[in-house]
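The values are calculated or read from the model by the stated rules, or taken from the named source; none is laboratory data. In this text the structure is predicted, and so the values were computed from the model without any measurement. Positions of Cβ are generated from backbone atoms using ideal geometry, with glycine treated the same way; all protein chains shown enter the neighbour counts. Note: accessible area is taken over every heavy atom of the protein model, side chains too, but ligands, DNA and RNA are not part of it. Shrake-Rupley method; radii C 1.70, N 1.55, O 1.52, S 1.80 Å.
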Amino acid sequence: MSRIGKLPVNLPAGVTVEVSADNVVSVKGPLGTLSQKVDSDIKVEVGTHKDIHTGNEVPAVLVSRPTNQPRHRSLHGLYRALINNMVVGVTEGYQKVLEVNGVGYRASKSGNKLTLNLGYSHPVEMIDPEGVETVLEGQNKITVKGIDKEKVGQYAAEIRDKRRPEPYKGKGIKYADEV
């Protein structure tokens, strides 16, 4: 049995999950709504689960698989993790913090356009994708926020790719927790 897949996804107050007939899971919470198409072999149920800490019945999403085939085993844990990420996203949201290091390197923002001066002959301009927001703290700290973990991580990686940190002095754009 999958260690990740067999765990129930507890639903906090204010979060509703709906599973449609064509196996699309929709999670609605205080920050927004996310949906994910689930493979037709994987069964997703919304029910209750006994909480180990309090002993009370709490609403939860349960994911199960039909067989122990390797494909079903891998999809079992995958979809449970994706549903859990959606629940966390609509309740708390996700964020990645980037730092711009280097002499003359800076970032500025106007509207939804992020402008980066990274030592090139021209400024690099990036437009925030839908569902993702960038916030500047000073001229060298960029925070990428959103409810979809995949979009936040992808956009943060695209910003970092404009000038990766070089290994000796660390000039460039790096994640705040990167060494």
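Do the conditions hold for Val135, that is, is it open to solvent by less than 50 Å² (accessible area, probe 1.4 Å), over 27 Å from Ser26 (Cα atoms) and out of contact with any Leu (no Cβ under 6 Å at 6 or more places or on another chain)?
yes
Inside segment 18-59, can you point out the residues that are β-branched (Val, Ile, Thr) and more than 18 Å from the chain's Cα centre (by Cα)?
Val19, Val24, Ile42, Val44, Val46, Thr48, Ile52, Thr54, Val58
Could you list, in sequence order, all residues of segment 102-132 that are of a type in the set (Val, Ile, Thr), within 15 Å of Lys145 (Cα to Cα) and open to solvent by 50 Å² or more (accessible area, probe 1.4 Å)?
Correct list: Ile127 only.
Only residues that are open to solvent by 80 Å² or more (accessible area, probe 1.4 Å) and among the hydrophobic types (A, V, I, L, M, F, W, C): list them for segment 27-48, please.
Once the filter is applied, which keeps residues that are open to solvent by 80 Å² or more (accessible area, probe 1.4 Å) and among the hydrophobic types (A, V, I, L, M, F, W, C), segment 27-48 yields only Leu31.
Yes or no, residue by residue, for (1) outside any loop (DSSP other than H, G, I, E, B); (2) farther than 18 Å from Asp148 by Cβ; (3) modelled with pLDDT under 90:
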{"residue": "Gly14", "(1), (2), (3)": "no, yes, no"}
{"residue": "Lys28", "(1), (2), (3)": "yes, no, no"}
{"residue": "Thr33", "(1), (2), (3)": "yes, no, no"}
{"residue": "Asp39", "(1), (2), (3)": "no, yes, no"}
{"residue": "His49", "(1), (2), (3)": "yes, yes, yes"}
{"residue": "Thr54", "(1), (2), (3)": "no, yes, yes"}
{"residue": "Leu62", "(1), (2), (3)": "yes, yes, no"}
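Could you tell me whether segment 159-171 includes any residue that is of a type in the set (Lys, Arg), in contact with a Pro (Cβ under 9 Å, 6 or more places away or on another chain) and more than 28 Å from Lys28 (Cβ to Cβ)?
yes
Take the residues in segment 132-144 that are assigned to a strand (DSSP E or B) and either among the acidic types (Asp, Glu) or farther than 29 Å from Thr33 by Cα (or both); name whichever of them is modelled with the lowest pLDDT.
The selected residue is Glu137.
Go through segment 49-63 and give me each residue that's open to solvent by 40 Å² or more (accessible area, probe 1.4 Å) and without any contact (Cβ under 8 Å) to a residue 40 or more places away in the chain.
Of everything in segment 49-63, those that are open to solvent by 40 Å² or more (accessible area, probe 1.4 Å) and without any contact (Cβ under 8 Å) to a residue 40 or more places away in the chain turn out to be Lys50, Ile52, His53, Thr54, Asn56, Glu57.
So for segment 79-91 (the condition being open to solvent by 60 Å² or more (accessible area, probe 1.4 Å) and either more than 30 Å from Pro123 (Cβ to Cβ) or aliphatic (A, V, I, L, M) (or both)), does at least one residue qualify?
Among the residues of segment 79-91, not one is open to solvent by 60 Å² or more (accessible area, probe 1.4 Å) and either more than 30 Å from Pro123 (Cβ to Cβ) or aliphatic (A, V, I, L, M) (or both), which makes the answer no.
Determine which member of the set Arg106, Arg71 is under 30 Å from Val46 (Cβ atoms) and modelled with pLDDT under 95.
Exactly one of Arg106, Arg71 is under 30 Å from Val46 (Cβ atoms) and modelled with pLDDT under 95, namely Arg71.
Going by what's in this entry, would Val152 be described as open to solvent by less than 50 Å² (accessible area, probe 1.4 Å), outside any loop (DSSP other than H, G, I, E, B), touching a Ser or Thr at 6+ places or on another chain (Cβ under 6 Å) and of a type outside the set (Phe, Trp, Tyr)?
Spelling it out, it is not the case that Val152 is open to solvent by less than 50 Å² (accessible area, probe 1.4 Å), outside any loop (DSSP other than H, G, I, E, B), touching a Ser or Thr at 6+ places or on another chain (Cβ under 6 Å) and of a type outside the set (Phe, Trp, Tyr).
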